[in-house]
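Note sheet for the following structure.
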Amino acid sequence: MKDLLGFREKCISFSEEYGFILFPICKFAVAFAAFRMINAALGYMTQMNNLFLVLLMSLISAVTPVSIMVLLAGLLVVVQCYAVHLLVAVFMLVVFFLLYIFFLRFAPNMGLALILMPIACRLGVPSVLPVACGLLGGPAGVIGVCGGGVIYSAMSVVIQNAPSLQNSSSAGSLSAMVQEALPLLTLLLDGLLKNAELMLMLIALATTLLIVYFVRRMSMDYAWHIAIVGGTLSYAVLILAGGFFMDMDVSFLQLFLSSAVAVAVGEGIRFFCFQVDYSSTQHLQFEDDEYYYYVKAVPKTAWLEERRQRAKKTAAQKKRAQGRPAAVKSPVGRTAPAQPAVSAAPDFHRQQRHPSSADPLEMPAVDFRDQLEETLRNIQDL
Amino acid sequence: MDIKRIRRMVKVERLISRDAREELKIARYYRSDYLGMMLLKNFFLVTVGYMILIGLYLVGNGDSLLEGIYMSDLTVMITMGIGGYVLLLLLYSVLTYMICTLRHVKAKKLERYLDHQLELLQEEDPAETGSEHSGRGTV
């Protein structure tokens, strides 16, 4: 565990130190994967499959905001659809435009989810995105994730109907074009709107994200673990139940693999973003003139480990200085007096309910009241 | 070196240049101006979006609609179309109003926080951030 924590700290410090180059590289990789995926899936215009063009677009995406990446990906999809038929490109534009008007403009920071969702769907692991967005973002992530799902479905509809669409020509008089356009548009619209699979996927994605988000925000122990597993399970159950009632083919193996990958990714995110030691939880209760406070303080593992190391070091130094054997452990981890907060304010009641808090090396005393007051002062400053 | 001061300067600089650029743009507007602008934008977008939706509906169901159409049905259909538009516009206007109000409040709060941080910086070293350079552009 110590090694893992050390690795985590190294990764975090590395990303902080070289973030200015790491983030553009990550953006480049995501953009490259997205553009390659679009070309591999649609690939009707051979000129756009040029590797140099894809690299150039990825490079532009790496050094510009995410919205430019979304724009380039959208343009690529429209151009590829144009190679099938003019109406298909118009259909795709309309889908993008409606998505923006009715949903995406309320969540402007969801560009990355919008890009990653079709990639995840293409790789057969759609449940990864709602789990990741639920852990890292808020409920607005539903818009990005579901928007990505709709775009992927629209692309699938185009791919399915491409042979019949390519056979029809877009040349001729206006009336002939209109005559031809109606059945084509109906075909595409039916493929998107009367698609029970898409509806089921959207419901499952939204439910998973909301479950992950709300559960991980709960104050119960191991909330993040429960959120990851619960969210992934809910996705699997919804897809299975929907597949059963709507007579759809659901691949058990793919669903299992997708769930396993979602749990692995979720645990990875939790490892880097939320490392706490629930065994050292403290429950505090106190009051001021206006409120009663019931506080649950869960120490971060990295901080606790640092305190332990420091305590051991100080103990060793003291031992050397005093020339006494190491049999007696002194509570050197404490930096504050035993009960300073209680003596400072008679209304303050410190309650340490957890049995593991007896050892000072395990549970270093922290003046949470001071920390809380400082936090409140900071909030008031806002 | 005053580490606390450097940290504060970095935090303020990061907020101004990267994280809070959009919020600071919003905070420049008065609340009523910002909401009015966003509601107007919403009106145009919803109108265009609704027209596209109606167009798509007509494309999908045009034949069946034209087959059994009567004058009374047409009146009902037009009424329903206008009613749907008004409902949609109302729904999205309320949504826009709520979201934009929240965004503006958040932006103003951030602006106040930044001003406070800059005041603190100025208090810590008045020689460097003199009165002729006061304001957000000093850091």
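Values in this text are rule-based calculations from the coordinates and carry no lab data. This structure is a prediction, so every number in the text was calculated from the model and none was measured. Because the Cβ atoms are built from the backbone with ideal geometry, glycine has one as well, and the counts that use them run over all protein chains shown.
Give me the one-decimal nm value for the distance between modelled label points at A:Ser251 and A:Ser164, 7 Å along each residue's Cα-to-Cβ direction.
Label at A:Ser251, label at A:Ser164, 2.5 nm between them.
How much length would be gained if the chain were fully extended between A:Arg320 and A:Arg377, taking 0.36 nm per residue of separation minus their Cα-Cα distance, in nm to one decimal?
Roughly 16.3 nm would be gained on extension.
Sort A:Trp303, A:Trp224 by Cβ crowding within 10 Å, fewest neighbours at the top.
Least to most surrounded, the residues fall as A:Trp303, A:Trp224.
For a quick check of your reading of the filter: which chymotrypsin sites (Phe, Trp or Tyr not before Pro) in the range A:1-105 sit in a DSSP loop and have no more than 15 other Cβ atoms within 10 Å?
In loop regions of the range A:1-105 (DSSP not H, G, I, E or B), the sparsely surrounded chymotrypsin sites (Phe, Trp or Tyr not before Pro) are A:Tyr18.
Suppose each label sits 7 Å from its Cα in the direction of the beta carbon; what would the B:Glu119-B:Ser32 distance come out to in nanometres?
Taking the two extended label points, one gets 2.7 nm.
Along the range A:192-198, what does the Karplus equation 6.51 cos²θ - 1.76 cosθ + 1.60 (θ = phi - 60°) give for ³J(HN,Hα), rounded to whole Hz, x for Gly and Pro?
Along the range A:192-198, the couplings run 8, 7, 9, 9, 5, 5, 5 Hz.
Cut-off 11 Å, label point 7 angstrom out along Cα-to-Cβ of B:Leu40: give me the residues of the range A:80-102 whose amide nitrogen falls inside.
none
List the GluC sites (Glu not before Pro) within the range A:262-306 that DSSP assigns to loop and that have no more than 13 neighbouring Cβ atoms inside 10 Å.
Filter output for the range A:262-306: A:Glu290.
Listed here are the pairs A:Lys10/B:Lys106; A:Lys312/B:Lys4; A:Lys10/B:Lys109; B:Lys41/B:Lys106; which of them are more than 26 Å apart at the Cα?
The pairs that break the limit, which is 26 Å between Cα atoms, are A:Lys10/B:Lys106; A:Lys312/B:Lys4; A:Lys10/B:Lys109.
If I model chain B as equal point scatterers sitting on the Cα atoms and use the Debye formula, what is log10 I(q)/I(0) at q = 0.12 Å⁻¹?
Ignoring solvent entirely, the Cα scatterers give -0.67.
Would you mind computing, in nm to one decimal, how far apart the modelled labels at A:Phe271 and B:Arg5 are, each placed 7 Å from Cα along Cα→Cβ?
4.3 nm
Based on the Kirkwood radius over alpha-carbon pairs, what value in µm²/s does the Stokes-Einstein equation return for the translational diffusion coefficient of the range B:64-125 at 10 °C and 1.306 mPa s?
98 µm²/s
In the range A:111-150, which residues have a backbone nitrogen under 14 Å from the label point lying 7 Å from A:Phe23's Cα in the Cα-to-Cβ direction?
In the range A:111-150, the label zone of A:Phe23 (backbone N under 14 Å from the point 7 Å along Cα→Cβ) covers A:112.
Straight distance only, please: which lysines reach the Cα of A:Lys319 with their own Cα at less than 29 Å, same-chain residues fewer than 8 apart left out?
List returned: A:Lys2, A:Lys300, A:Lys329.
I'm a student and want to see the number: the projected area of the Cα convex hull of the range A:1-146, averaged over all directions, in nm².
10.2 nm²
Taking DSSP loops as anything outside H, G, I, E and B, show the longest stretch in chain B free of chymotrypsin sites (Phe, Trp or Tyr not before Pro) there with at most 10 other beta carbons within 10 Å.
Longest gap between qualifying sites, sites excluded: B:71-139.
With a cap of 10 neighbouring Cβ atoms within 10 Å, and only residues DSSP puts in a loop, list the GluC sites (Glu not before Pro) found in the range A:1-75.
Within the range A:1-75, no GluC sites (Glu not before Pro) qualify (loop, at most 10 other Cβ atoms within 10 Å).
Rounded to two decimals, what is Rg over Rh for the range A:84-273 when you use alpha-carbon atoms and the Kirkwood radius?
Radius of gyration over Kirkwood radius for the range A:84-273 works out to 1.06.
Determine Rg/Rh for the range A:250-304; Rg is computed over alpha-carbon atoms and Rh is the Kirkwood hydrodynamic estimate from the same atoms.
1.31
Averaged over all directions, how much area does the convex hull of the C-alpha atoms of the range B:18-76 cover when projected, in nm²?
6.9 nm²
May I ask for the net charge around A:Asp190, where only other residues with Cβ less than 15 Å from the Cβ of A:Asp190 are counted and Lys, Arg are +1 while Asp, Glu are -1?
After counting each charged neighbour, the total is -1.
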